[in-house]
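Chemist: If you scroll down you'll find the structure; I have some questions about it.
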Amino acid sequence: MPNTRFLKALTLFIITLIVSFSVNAQVKIMTWNLLNVGKNKSQENIEYIAKTIKQTDIIAIQEVVTNPTGAQTIAKIHEELNRSSGAKWDYAISDPTVSSPYRSERYAYLWRTSKVKLKGKPFLEPTYQEEIEREPYMATFIYKGKEITISSLHALPTKHQPEKEIKYLKFFPEHYPEHNLIFLGDFNLSESHSVFNPLKKQGYLPSFSTQKTSLRQKCLKGDCLASEYDNIFYHPDKNELISAKPIYFFEDFEEISIARKVSDHIPLLITLNIL
């Protein structure tokens, strides 16, 4: 008769292998509007931002200023990640968006090189640059032989009707039919807005629902979040959503005003299994 202890140990070993494989088959994606990334970020801010980012494998950052301090600050965040995270990171930063000067910004990506590989060069999507004030910054990453293409967007402020430019996202699946598209960023609108219905009809789902992401100027009876602006859309035929986590970073600070020096938005983190 087989040794019972041996069989139990073997079963446990097999289960551990399966769980380990499952966990290793997952990629983490974060989006964060970092509020005018540039000279306003202190070294303390940079260290805190890097500490937060190291929870993910890929981060899309919105609202990087166009002057040289924007790119310099992203480089400092990259350096801090390489110094303190125990992993090797790389980054890419966009050219200024084709926008009116007072609205033009840059975007950035940072990624853990041991987990994902960049395919080609990230680019500002040119098709609707006349219709979209800050045209999306797109990048394709390879993960375990499978690809995801991220479209990062910082839409117009709510009072300027961001829906009039978000509506063009519905055409992206037609323009990139072979790509596993992930739409993320600061949309300045809730995912429940009708402008997202065409994407939803194509099968895309929001990772978050009724999740407020922008910070109030002052907390009201412990409520520090104001509006549902940021989200991450994925297609369930190509990705399995394992988890969706809002990161309430402001809770690490005594005052909301101090937290807002880091950002006036919380980061959103999802874990996907690419099918």
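Nothing in this text is a laboratory measurement; each read-out follows from the coordinates by a stated rule. Because the structure is a prediction, the values reported are computed rather than measured. Every residue, glycine among them, receives a Cβ derived from its backbone with ideal geometry; neighbour counts consider all protein chains shown.
Chemist: How many of the residues making up the stretch 85-103 are out of contact with any Lys or Arg (no Cβ under 7 Å at 6 or more places or on another chain), among the hydroxyl-bearing types (S, T, Y) and touching a residue at least 12 places away in the same chain (Cβ under 8 Å)?
Modeler: The qualifying residues number 2.
Chemist: Right, here's the next one. Select from the stretch 150-160 the residues that are among the polar types (S, T, N, Q) and outside any helix (DSSP H, G or I) and write down the one among them that is nearest to the chain's Cα centre (by Cα).
Modeler: So, considering only residues that are among the polar types (S, T, N, Q) and outside any helix (DSSP H, G or I), the one nearest to the chain's Cα centre (by Cα) is S152.
Yes/no matrix, rows are residues, columns are (1) in contact (Cβ under 8 Å) with a residue 40 or more places away in the chain; (2) within 28 Å of I142 (Cβ to Cβ):
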site: I29; (1), (2): yes, yes
site: I46; (1), (2): no, no
site: T52; (1), (2): yes, yes
site: A60; (1), (2): yes, yes
site: V65; (1), (2): yes, no
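Chemist: Within the stretch 144-153, can you find the residues that are closer than 16 Å to T127 by Cβ and buried (at least 23 other Cβ atoms within 10 Å of the Cβ)?
Modeler: Passing the criteria: S152, L153.
Chemist: With the requirement that a residue be closer than 28 Å to L241 by Cα and among the basic types (K, R), what does the stretch 28-62 give you?
Modeler: Listed by number, the residues that qualify are K28, K51, K54.
Chemist: Could you list, in sequence order, the residues of the stretch 223-240 that are more than 16 Å from I270 (Cα to Cα) and either surrounded by fewer than 17 Cβ atoms within 10 Å (Cβ to Cβ) or of a type in the set (K, R) (or both)?
Modeler: Correct list: D223, A226, S227, D237.
Chemist: Sticking with this one: Working carefully through the options L184, L275, L241, L189, find the one that is among the aliphatic types (A, V, I, L, M) and touching a Lys or Arg at 6+ places or on another chain (Cβ under 6 Å).
Modeler: Just one listed residue meets the conditions, L275.
Chemist: For the stretch 154-211: of the residues being buried (at least 22 other Cβ atoms within 10 Å of the Cβ) and of a type in the set (G, A, S), which is farthest from R134 (Cα to Cα)?
Modeler: Only one residue tops the list, namely S207.
Chemist: In addition: Under the condition of being within 16 Å of P267 (Cα to Cα) and in contact (Cβ under 8 Å) with a residue 24 or more places away in the chain, which residue from the stretch 192-222 is farthest from the chain's Cα centre (by Cα)?
Modeler: So the residue we want is R216.
Chemist: Please count how many residues of the stretch 25-60 are under 26 Å from R103 (Cβ atoms), surrounded by fewer than 21 Cβ atoms within 10 Å (Cβ to Cβ) and charged (D, E, K, R).
Modeler: Number satisfying all stated conditions: 1.
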